[in-house]
Each structure stands twice: as structure tokens, then as C-alpha cells.
Amino acid sequence: MPFIKEIAYELQWQNSPATWTAEPLSITAFGKTDLFVSPQGDRPTLNAPALVFDVSKDFMLSCRVKVGFKAAFDAGVLYLYQTDESWAKLCFEFSPQAAPMVVSVVTKGTSDDCNSVFIDGDSTYLRVAKLGNAFAFHHSNDGKYWYFIRTFALEAKPVKVGFVTQSPTGEGCEAQFSEIVFKEESLKDLRSGV
């Protein structure tokens, strides 16, 4: 089974990567891989490699995400999963205009896709948090001050959390996840920057 020293839980793959390494965590996706259920009725794509673990308590998972951008929608992702109809992802993604940006997707049957902020460079910090029955997404330029992206609820079911790389339009993508911090504690204030 995969092992990451910062996370004291058993990890498992949902969809196999092209390649991966543990130190630092790097995941390479095959081409034409994504996690998306189009609200326009297109066939769902749920084949991106995801390295996940089960969590029952409130938590915060953050890391620095560096992506080898090549094609539109290449991304490194923090991911929440319950079922194929109930999941969410916070992406550091390459836009069709060739600009890196933070994008969030919340899926409740179909995917609600929301572009947030452009990032200058090939890396940024992402954080996902569970607060009771709610979840929150944040991003940071330095891993210290956190900017609020969105809050939402999923189904009242157990959740897995983890890391994804995707390459929906390209021939493959590598993302590196470093400075991983996992805490089983509640985020106190969504908009304080902490």
C-alpha cells in the first residue's frame, strides 16, 4: 500500500497513475483523465488517478502543489470523495487561456465548476477542511495566510480525502504535492486567514 509519512492512515488508489513517487509525493496522470460530471449531460469522466484515505473526524489537509502544465485543464488537486455522485475537488489548473488558476468543483449528481483566482507561477498552496457536516476550500501564496474559496456540504456519509492529478485534454500531466500538513482538528474561522 502507498505510504506518506505525514499521514498516519492507510492510503489507496482510485484509478492507477502512470507513475508516482512518495518522497516527495508526485503523481503522473495518463492523458484524457479527469473527474467531472458535466451538467450539460455529457458522459461523466471519472478516471483520474486519486490517492485517498478515510477520515472520520474534522480535519485540515494542506500542501504546496506544483504542476507541469502543458494542456488545458492539467491540474494538481486536493480531493474529497464519498460516491461517484458526491465528491469535490480543489484544483491548481491550467486554463484554456494558458494561465494557472485555482478552480473548485463540487459534485452532487452533476459538477458545479467555479473558477476563482489566477496564480503567477507553477505552484501554489491548497487546503481542504472538514467542519462537522460542512467542508471548506482555501488557497495560499505562502502556506501561511489562507484565502477563502468556498464552503459547501456533501451527503451525510463518510469521506475520503487525498491527492489527484488530471489531464483532460492533454497527453498526461505530473503534479508534485510537498509540504503536506494533515491535522485532525476543526478550522475555527473560514475567513480569518489562519
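The values are calculated or read from the model by the stated rules, or taken from the named source; none is laboratory data. What you see is a predicted model; the values in this text were computed from it and never measured. Reconstructed Cβ throughout: ideal geometry from the backbone, glycine too, with neighbour counts over all protein chains shown.
Here are some notes:
- Residues considered: 102, 77. Of these, the only one that is surrounded by 21 or more Cβ atoms within 10 Å (Cβ to Cβ) and touching a residue at least 60 places away in the same chain (Cβ under 8 Å) is 77.
- Matching residues in segment 84-96 - criterion: being more than 17 Å from residue 49 (Cβ to Cβ), surrounded by fewer than 24 Cβ atoms within 10 Å (Cβ to Cβ) and either touching a Phe, Trp or Tyr at 6+ places or on another chain (Cβ under 9 Å) or among the charged types (D, E, K, R) (or both): 85, 95, 96
- Top-ranked residue of segment 39-53 - restricted to ones that are of a type outside the set (A, V, I, L, M) and in a strand (DSSP E or B), ranked as farthest from residue 79 (Cα to Cα): 45
- So residue 67, is it crowded, with 21+ Cβ neighbours inside 10 Å and over 16 Å from residue 13 (Cβ atoms): yes
- Criterion: touching a residue at least 12 places away in the same chain (Cβ under 8 Å) and more than 17 Å from residue 51 (Cβ to Cβ) - qualifying residue of 165, 151: 151
- Positions within segment 166-179 being under 22 Å from residue 117 (Cα atoms), not in a loop (DSSP other than H, G, I, E, B) and not charged (D, E, K, R), in sequence order: 166, 167, 173, 175, 176, 177, 178
- Residue 124 within 21 Å of residue 67 (Cβ to Cβ), among the hydroxyl-bearing types (Ser, Thr, Tyr), within 16 Å of the chain's Cα centre (by Cα) and assigned to a strand (DSSP E or B): yes
- Test result for residue 117, within 20 Å of residue 161 (Cβ to Cβ) and either crowded, with 21+ Cβ neighbours inside 10 Å or aliphatic (A, V, I, L, M) (or both): no
Condition check ((1) touching a residue at least 24 places away in the same chain (Cβ under 8 Å); (2) not β-branched (Val, Ile, Thr)) across all residues:
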{"position": "27", "(1), (2)": "yes, no"}
{"position": "31", "(1), (2)": "yes, yes"}
{"position": "39", "(1), (2)": "yes, yes"}
{"position": "42", "(1), (2)": "no, yes"}
{"position": "63", "(1), (2)": "yes, yes"}
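- Per the listing 148, 163, the residue uniquely more than 13 Å from the chain's Cα centre (by Cα), part of a strand (DSSP E or B) and at pLDDT 95 or above is 148.
- Tally of residues being in a loop (DSSP other than H, G, I, E, B) and farther than 15 Å from residue 179 by Cα across segment 18-38: 6
- The residue of segment 105-114 that is surrounded by the most Cβ atoms within 10 Å (Cβ to Cβ), among those that are part of a strand (DSSP E or B) and of a type outside the set (A, V, I, L, M, F, W, C), is 107.
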